[in-house]
1. Select from the range 13-44 those trypsin sites (Lys or Arg not before Pro) which occupy a DSSP coil region and have at most 14 other Cβ atoms within 10 Å, ordered by residue number.
2. Starting from the 7 Å offset along Cα-to-Cβ, what nm value, one decimal, do you get for the label separation of Thr4 and Arg35?
3. With a 10 Å radius around each residue's Cβ, average the other Cβ atoms per peptide and rank 2-8, 14-20, highest first.
4. Just to check I understand the Karplus step: with θ = phi - 60° and J = 6.51 cos²θ - 1.76 cosθ + 1.60, what whole-Hz values come out for the range 2-7, glycine and proline as x?
Amino acid sequence: MLGTWEIILIALVILLIFGGKKIPELMKGIGKGMRSFRQGVEGKDDKEEKTENK
């Protein structure tokens, strides 16, 4: 299990690697990927959602 100091150290390393401006873009991409994965697991398609909304 990771402690507080390990998490802070990992966050600082990520900040140094990607820079402050790239992190929001990275998180946005991860969020979209997770959303897409959940929809795939649940068996939902974009086509199904569009027909349900009409």
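Where a number appears in this text, it was derived from the coordinates with a stated rule and is not lab data. No experiment lies behind these values; they were computed from the predicted model shown. Note that we place each Cβ from the backbone using ideal geometry, even for glycine, and neighbour counts take in every protein chain shown.
1. Those that pass, being in a loop and sparsely packed, are Lys21, Lys44.
2. If labels sit at Thr4 and Arg35, their model points lie 3.4 nm apart.
3. On the way: 2-8: 8.7, 14-20: 10.3.
Put in order of decreasing packing, that is 14-20, 2-8.
4. Using θ = phi - 60°, the values come out as 7, x, 4, 5, 5, 5 Hz.
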